[in-house]
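The values are calculated or read from the model by the stated rules, or taken from the named source; none is laboratory data. Nothing here was measured: the structure is a model prediction, and the numbers come from that model. Cβ: placed from backbone, ideal geometry, glycine included. Neighbour counts: every protein chain shown.
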Amino acid sequence: MDQLLQHLLNGLLLGSTYSLLGIGLTLVFGLMNVVNFAHGEFYTLGAYGAFAALVAASLNFFLAIPVAILAGALIGAACERLLLRPLRAASIDTTMLVMIGLWITLQNAELLAWGGVAKSVPTPFPTEPVAWGPVSVSRLRIFVFVMSALLILGAHLVLTRTRLGRAMRATFQDRETAALMGVSIERIHTVTFALGAGLAAAAGALLGPVFLLYPSMGDLAAQKAFCVVILGGLGNFVGAAVGGLLLGIAEELGAGYVSSGYRDAVGFVIIVLMLLVRPSGLFARAERVG
Amino acid sequence: MRRAAIGLGVVVVMLLGAFAPAAWTQGDPIKIGVIQPLSGPVAASGNYVRMGAEIGRDWVNARGGVLGRQVQLLIEDNKSDPKEAATAAEKLIVRDKVPVIVGAWGSSMTLAAMPKLEEYGVPMIVETSSAATITKRGNPWIFRISPPSEMEAVGLEKYMKDLGIKQADFLAVNTDWGRGAASAFGDLLKRSGASVGAVEFMDQAATDMNAQITKVKAGGADTLFLTTSVEQITLVLKQAQEQRLSRKIITTGGSSSPSQLIKQAGPAAEGTMHILFFLPWFPEAMPDGKLAKAFVDEWAKRGHPFEGLTEGFRGHDGVITAVEGLKVAGKPDPKAVRDALWSVSVMGVNGPIKFEKDGPAGKESGQSKPSIFIVQIKDGKIALPAFAVKK
């Protein structure tokens, strides 16, 4: 019983980070129809951004995180302007290839800039864990969990409750009509991509201190993000948030009670099963048209 | 357009010039291939081995090289990936025509490169890999200077009473190395009358090991054997602390870089024990104290991080073994070097290197018998455990 409680807690904490990784990816796909293979690199950028702000610019830990998110969003915006804007009329396959190119380029740039040796980010949290009876968890992970939940909620509110969110949804439903209504569609494209990249950078800045920083850290993150997005339904925001939690808990229980060696297989087995039963994702209402 | 093309041409020529080897002695330099994980999840270790290999090369060259020629290292990145290791071996052999290779850090990477060695007939000095299968497969082009896990387990055997292990769990990376170590140390426990508890594995790139730790914690063992790279050891120690796991922790494989653990895992590393093959904190305790001290000093002079030394010496020892093979062979020919390696006897930072036959008769691989040590992290410093001092 104690073991199960700890597994569920671990799964919840892990799942919340998967959700945060997934929403940025699903947002860019759902709204822009761009499969962002470079998503994991924005995660890496966020992590190294926080490290640079902390160590090189000796900023406060809590200040370093927004700085890193902003840096990720700005670089995301630049990538959109330079790479995606000229390809607005191109097919999804073309942009996919460009994003794969961006992924490889960014990863190698990070390797060049930081070297291959892992770095750890110092945090102001005491190492002593918080314990409730048989279960325990580090303070840093609680902080990450709360921040993830706030970011997911914040992104959801921006999308559904603000003028900007409405303009974003309108642009991607019908470009021409949105433009006629006075929406600056070019700017909306840039802002949307920057938001997706910023969310990935936020995940990196928050998780960097929990784990370690190395240039290929984004590969695992991107792999999980894609799992979450497929699980929740491509482009489905709520689906990604819930899918992340499900994946985290499933992996944790799979590793705890089935086999730790096949931990990553658990997630993929669930995805294959789900694609067989509900091919458009857990939370899909109707097939997206157009 | 034309001007741009000419400009590009000039740049390419200049780059080629920059990479052209500088030959001081007569003739072209002799090339030695090095395959290491310079990027990917275990990049730290691979880069340290590269730094050590460069020291070995520079020392050999300062003494006049080998066979009257300078030594040049061709260093390939296997990206911590077995497929890339095989590609790197093929490139070094076919394109660069190296007579001998040093590599490829991880057991899975070495195993993936091995068929290429046999196919083209080029010897490889294995500097780090611990999986038993490497020398048991009947590949006569393999010469290993690192200890297989079984040898490490034997090295630990004399301390078994002092360690007082009754039951131990295993947490190992899910590769040939990790699986091999879990079975070798499991055998040691059974031999010494202790029992094996949970045997858990983790993916090489995994960062969250909480599930495995929770499972281990639920059992009743007193010791945890941990086999993986320093990056993952750091994460496991931190996560074990978060879950208040109280176990004696012993890492195997010699790639734990305890000084890096002190820096990155802090108090979570306190009390942990580490099997190592080099003691840079106490160089005078090494078989050749003077050489060990010189290596530590040179490493510091180059500004390399101290914590890389426990990995870096492997590069040095690998390169000097390859050079000695070339010297005995008398010519940079792969087959001659292979035959010569059997009679090589050279002093490395770890200790004397000399190959004995291992594996199926007629197709034996070479296996040296390295020195094995154990250290403990005490009060944020490296110490010899009390029982290791008295022996």
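Quick one: B:V216 ticks every box in (1) touching a Lys or Arg at 6+ places or on another chain (Cβ under 7 Å); (2) at the interface with chain A (Cβ under 10 Å from one of its Cβ atoms); (3) over 24 Å from A:G218 (Cα atoms) bar one, so which box is it?
In the conditions (1) touching a Lys or Arg at 6+ places or on another chain (Cβ under 7 Å); (2) at the interface with chain A (Cβ under 10 Å from one of its Cβ atoms); (3) over 24 Å from A:G218 (Cα atoms), B:V216 misses (1) alone.
Does segment A:59-70 contain at least one residue that is surrounded by fewer than 24 Cβ atoms within 10 Å (Cβ to Cβ), modelled with pLDDT under 95 and either within 11 Å of A:F193 (Cβ to Cβ) or touching a Phe, Trp or Tyr at 6+ places or on another chain (Cβ under 7 Å) (or both)?
no
So that you can scan it fast, the table gives a plain yes or no per residue for (1) surrounded by fewer than 21 Cβ atoms within 10 Å (Cβ to Cβ); (2) part of a loop (DSSP other than H, G, I, E, B); (3) modelled with pLDDT of 95 or more; (4) of a type outside the set (F, W, Y):
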{"residue": "B:V49", "(1), (2), (3), (4)": "no, no, yes, yes"}
{"residue": "B:G52", "(1), (2), (3), (4)": "no, no, yes, yes"}
{"residue": "B:W59", "(1), (2), (3), (4)": "yes, no, yes, no"}
{"residue": "B:G64", "(1), (2), (3), (4)": "yes, yes, no, yes"}
{"residue": "B:L74", "(1), (2), (3), (4)": "yes, no, yes, yes"}
{"residue": "B:K79", "(1), (2), (3), (4)": "no, yes, no, yes"}
{"residue": "B:A89", "(1), (2), (3), (4)": "no, no, yes, yes"}
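Test of understanding: among A:T177, A:T192, A:T127, which residue is without any contact (Cβ under 8 Å) to a residue 24 or more places away in the chain, out of contact with any Gly (no Cβ under 7 Å at 6 or more places or on another chain) and not aliphatic (A, V, I, L, M)? Lay out the reasoning, then the answer.
On the way: A:T192 fails: without any contact (Cβ under 8 Å) to a residue 24 or more places away in the chain; A:T127 fails: out of contact with any Gly (no Cβ under 7 Å at 6 or more places or on another chain).
Sole residue among the options that is without any contact (Cβ under 8 Å) to a residue 24 or more places away in the chain, out of contact with any Gly (no Cβ under 7 Å at 6 or more places or on another chain) and not aliphatic (A, V, I, L, M): A:T177.
Of the conditions (1) more than 19 Å from B:I134 (Cβ to Cβ); (2) assigned by TED's automatic domain parsing to the domain that holds B:P140, B:R314 clears all except one; give me its number.
Going through the list (1) more than 19 Å from B:I134 (Cβ to Cβ); (2) assigned by TED's automatic domain parsing to the domain that holds B:P140, B:R314 breaks only (1).
Please pick out the residue among B:A131, B:A168 that is crowded, with 22+ Cβ neighbours inside 10 Å and in the same structural domain as B:R314 (by TED's automatic domain parsing). Working first, answer last.
On the way: B:A168 fails: in the same structural domain as B:R314 (by TED's automatic domain parsing).
Answer to the selection: B:A131.
Take B:L279 and decide whether it is assigned to a loop (DSSP other than H, G, I, E, B), aliphatic (A, V, I, L, M) and away from chain A (no Cβ under 14 Å). Step through it out loud before you land on a result.
Working: assigned to a loop (DSSP other than H, G, I, E, B): yes; aliphatic (A, V, I, L, M): yes; away from chain A (no Cβ under 14 Å): yes.
When the stated conditions are applied, B:L279 passes them.
Does A:V34 count as surrounded by 16 or more Cβ atoms within 10 Å (Cβ to Cβ), without any contact (Cβ under 8 Å) to a residue 40 or more places away in the chain and either more than 14 Å from every other protein chain (Cβ to nearest Cβ) or out of contact with any Gly (no Cβ under 9 Å at 6 or more places or on another chain) (or both)?
no
From the residues in segment B:183-213 that are assigned to a strand (DSSP E or B) and of a type in the set (V, I, T), which one is farthest from the other protein chains (Cβ to nearest Cβ)?
B:V196
Filter segment B:239-276 for residues that are within 11 Å of another protein chain (Cβ to nearest Cβ) and of a type in the set (S, T, Y) and give the result.
B:S257
Of (1) out of contact with any helix residue (DSSP H, G or I) (no Cβ under 8 Å at 6 or more places or on another chain); (2) within 14 Å of another protein chain (Cβ to nearest Cβ), A:V144 satisfies all except one. Which?
All conditions are met except number (1).
Here's the yes/no breakdown for (1) surrounded by fewer than 20 Cβ atoms within 10 Å (Cβ to Cβ); (2) part of a strand (DSSP E or B); (3) in contact (Cβ under 8 Å) with a residue 60 or more places away in the chain:
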position	(1), (2), (3)
B:V337	no, no, yes
B:A340	no, no, no
B:S343	yes, no, no
B:V349	no, no, yes
B:I353	no, yes, yes
B:K357	yes, yes, no
B:P360	yes, no, yes
B:P370	no, no, yes
